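Each remark here refers to the structure printed beneath this line.
The values are calculated or read from the model by the stated rules, or taken from the named source; none is laboratory data. Bear in mind that the values here come from a model prediction, so they are computed numbers and not experimental data. Cβ sites come from the backbone with ideal geometry, for glycine too, and all protein chains shown count toward neighbours. Note: areas computed on protein heavy atoms with side chains; ligands, DNA, RNA excluded. Shrake-Rupley method; radii C 1.70, N 1.55, O 1.52, S 1.80 Å.
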Amino acid sequence: MSTDHFFIELHRHSEAKLKILDNYLVPWMRKITMGSFGAERALVIDGFAGAGSYGNSDGSSIRLIKHAIDFCEQADANNRKRPQLLILLIEGNEENYQELLKNIYRVTSLDLSEEKGYIPIPDYPSIQISCRFGKFDEVLKSRLDNLGTRETLIPSFCFIDPFGFKDTPFEIIKRYLKNEKSEILLNFIYEETNRFITAKNEKVKAHMQRHLGLDDIDSVQEMVKGKSATERKQLIVDLYSRQLLDNTNVKHILSFEIKKDGRTKLILFYGTKSMEGLKVMKKAMWKVDDTGLYMFDDRKDPNQIEFQFTKELNDNALLDDLCDILTDSLSGKILSINEVEEFVLTQTIYPLENFCKKVLKKIENKDGFHNVTNKNGKRNRGTFPPGTVMHFK
Ligand SMILES: C[S@@+](CC[C@H](N)C(=O)[O-])C[C@H]1O[C@@H](n2cnc3c(N)ncnc32)[C@H](O)[C@@H]1O
């Protein structure tokens, strides 16, 4: 891919990634700094920070800074203490890095050209920015090395948005995700991975192994041989999801497909240990158009993986789909509303909002429960308040 003109204009498929970031960041900061975690500090890393702006739009790094500022202003408006937010920006191209420094200055009045550590924004000193020229894996490794042996990072979110597959070795992602409350949104560069996964050139093979975290790519090459485009995609998504689940403490994976001209261009992988994070990210992804969502389920046969292009279906079709999933999967079970919500959140692509309770009401109307009770007292038919327990037929 020619990268010279990348920052001149933000293309639609790139915009989808940034919209997800926009939808996710402030709710995530709120959960981390004010939610049940109760942490006062949060770290946001942009591993491939870019120049900070496109001709027609802000880039990811400047968006992160603006969201942090918005969040502090919300705290001011509500008479709350401002949260401590650290922002680490890493950029590996000298020209883009210089442009990024200019854009940071434009937005914050911070001159980071001589600075390597975290520097507070003058008007928002609880936000501190560190901007590093260097390679993502090397800079992140040195930050993690500096933590010492027993420490873990403060709760953090890492956006990883490279140009190609050579710059995101699985090893560093694995190491980062070993930190307690760390999560990733990774642009997996599917198109290139798919193109080069069968390469015979030893150098390319070595890069692919590093990218996928494998000692040996030969068996994968054998597996993809003769497979259709869809089967290959299923195989690759399944492989990477399993790598994340087996080698890190991540508990939930969401994959998000972005197409360009009908072809799969990017697949974003979101990995988190937190159900709260998953909840917020699902909501963020559902707001973005023309894309497919896939919920990784460890127990599913890889051949069943299919991206669901939700915007192609109307709301009734989506509700019917979730209705079928719940009646099939939960048949015979007695579950509390919390357990049903957890199932919807972790085993389906559907967010809770606008889906879960509507579908339970549908099931009740179709006489799909043996009974529904509420241990806290009476309930009205078609409502599922806390304490509700239902026995699926
Ligand atoms: C896809 S662009 C990032 C776009 C940015 N996330 C945005 O949305 O505005 C990839 C960026 O990573 C930089 N880059 C390339 N290799 C890198 C590496 N190994 N480490 C850090 N940055 C790198 C490129 O110069 C480019 O600015």
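Can you name the condition, by its number, that Gly164 falls short on among (1) loosely packed, with under 13 Cβ neighbours inside 10 Å; (2) modelled with pLDDT under 95?
(1)
Considering only region 374-392, I want to know if a residue exists there that is charged (D, E, K, R) and modelled with pLDDT of 90 or more. Please lay out each step first, then the result.
Taking region 374-392 and keeping what is charged (D, E, K, R), we get 375, 378-379, 381.
Retained after the next criterion (residues that are modelled with pLDDT of 90 or more): 381.
Yes, region 374-392 contains at least one residue that is charged (D, E, K, R) and modelled with pLDDT of 90 or more.
Do you know which residues across region 350-378 are surrounded by 16 or more Cβ atoms within 10 Å (Cβ to Cβ) and either among the polar types (S, T, N, Q) or farther than 25 Å from Asp315 by Cα (or both)?
Those that are surrounded by 16 or more Cβ atoms within 10 Å (Cβ to Cβ) and either among the polar types (S, T, N, Q) or farther than 25 Å from Asp315 by Cα (or both): Val372, Asn374.
If a residue must be closer than 17 Å to Pro125 by Cβ and crowded, with 16+ Cβ neighbours inside 10 Å, how many such residues does region 41-63 contain?
The first filter runs over region 41-63 and keeps only residues closer than 17 Å to Pro125 by Cβ, leaving 41-44.
Still in the list and also crowded, with 16+ Cβ neighbours inside 10 Å: 42-44.
Total satisfying the criteria: 3.
Taking Leu112, is it assigned to a loop (DSSP other than H, G, I, E, B) and open to solvent by less than 40 Å² (accessible area, probe 1.4 Å)? Even if it seems obvious, please write down each step before you answer.
Details: assigned to a loop (DSSP other than H, G, I, E, B): yes; open to solvent by less than 40 Å² (accessible area, probe 1.4 Å): yes.
So Leu112 passes the test.
Considering (1) more than 21 Å from the chain's Cα centre (by Cα); (2) touching a residue at least 40 places away in the same chain (Cβ under 8 Å); (3) near the ligand (Cβ under 10 Å from one of its atoms), say which one Glu94 fails and leave the rest.
With (1) more than 21 Å from the chain's Cα centre (by Cα); (2) touching a residue at least 40 places away in the same chain (Cβ under 8 Å); (3) near the ligand (Cβ under 10 Å from one of its atoms) applied to Glu94, the lone miss is (2).
Taking Asp145, is it within 8 Å of the ligand (Cβ to nearest atom) and either surrounded by 19 or more Cβ atoms within 10 Å (Cβ to Cβ) or in the same structural domain as Pro83 (by TED's automatic domain parsing) (or both)? Spell out the reasoning first.
Details: within 8 Å of the ligand (Cβ to nearest atom): no; either surrounded by 19 or more Cβ atoms within 10 Å (Cβ to Cβ) or in the same structural domain as Pro83 (by TED's automatic domain parsing) (or both): yes.
The answer is no for Asp145.
Pairs under 7 Å by beta carbon, first residue assigned by TED's automatic domain parsing to the domain that holds Asn371 in region 313-337, partner in a helix (DSSP H, G or I) and open to solvent by 70 Å² or more (accessible area, probe 1.4 Å), six or more apart or different chains?
Final answer for the pair search is Leu319/Lys358.
Hey, among the residues in region 350-387 that are polar (S, T, N, Q) and closer than 29 Å to Ala284 by Cβ, which one's farthest from the chain's Cα centre (by Cα)? Don't jump to the end; show me each part of the working.
Our first condition is that a residue be polar (S, T, N, Q); within region 350-387, this holds for 354, 365, 371, 373-374, 376, 380, 383.
When the remaining residues are screened for being closer than 29 Å to Ala284 by Cβ, the result is 354, 383.
Numbers: Asn354: 21, Thr383: 32 Å.
Among residues in region 350-387 that are polar (S, T, N, Q) and closer than 29 Å to Ala284 by Cβ, the one farthest from the chain's Cα centre (by Cα) is Thr383.
Are any residues in region 148-170 among the acidic types (Asp, Glu) and within 16 Å of the ligand (Cβ to nearest atom), and if so, which ones? Spell out the reasoning first.
The first filter runs over region 148-170 and keeps only residues among the acidic types (Asp, Glu), leaving 151, 161, 167.
Answer for region 148-170, where residues must be among the acidic types (Asp, Glu) and within 16 Å of the ligand (Cβ to nearest atom): Asp161, Asp167.
Would you be able to say whether some residue in region 130-142 is part of a strand (DSSP E or B), more than 10 Å from the ligand (Cβ to nearest atom) and within 22 Å of Asp70 (Cα to Cα)?
Step one: filter region 130-142 for residues part of a strand (DSSP E or B), giving 130-133.
Narrowing the set further to residues that are more than 10 Å from the ligand (Cβ to nearest atom) leaves 130-131.
When the remaining residues are screened for being within 22 Å of Asp70 (Cα to Cα), the result is 130-131.
Yes, some residue in region 130-142 is part of a strand (DSSP E or B), more than 10 Å from the ligand (Cβ to nearest atom) and within 22 Å of Asp70 (Cα to Cα).
Inspect region 64-77 for any residue being away from the ligand (no atom under 12 Å from the Cβ), more than 21 Å from Gln128 (Cα to Cα) and touching a residue at least 40 places away in the same chain (Cβ under 8 Å) and give the result as yes or no.
No, the conditions are met nowhere in region 64-77.
Report yes if Asn23 is within 13 Å of the ligand (Cβ to nearest atom) and either assigned by TED's automatic domain parsing to the domain that holds Lys287 or not in a helix (DSSP H, G or I) (or both), otherwise no. Give the derivation first.
Working: within 13 Å of the ligand (Cβ to nearest atom): no; either assigned by TED's automatic domain parsing to the domain that holds Lys287 or not in a helix (DSSP H, G or I) (or both): yes.
Judged against the criteria, Asn23 is not a match.
Could you check region 125-142 and list, in sequence order, the residues that are farther than 12 Å from Ile45 by Cα and open to solvent by less than 10 Å² (accessible area, probe 1.4 Å)?
Ile127
For His13, which of the numbered conditions (1) in contact (Cβ under 8 Å) with a residue 60 or more places away in the chain; (2) more than 16 Å from the ligand (Cβ to nearest atom); (3) surrounded by fewer than 18 Cβ atoms within 10 Å (Cβ to Cβ) fails to hold?
(2)
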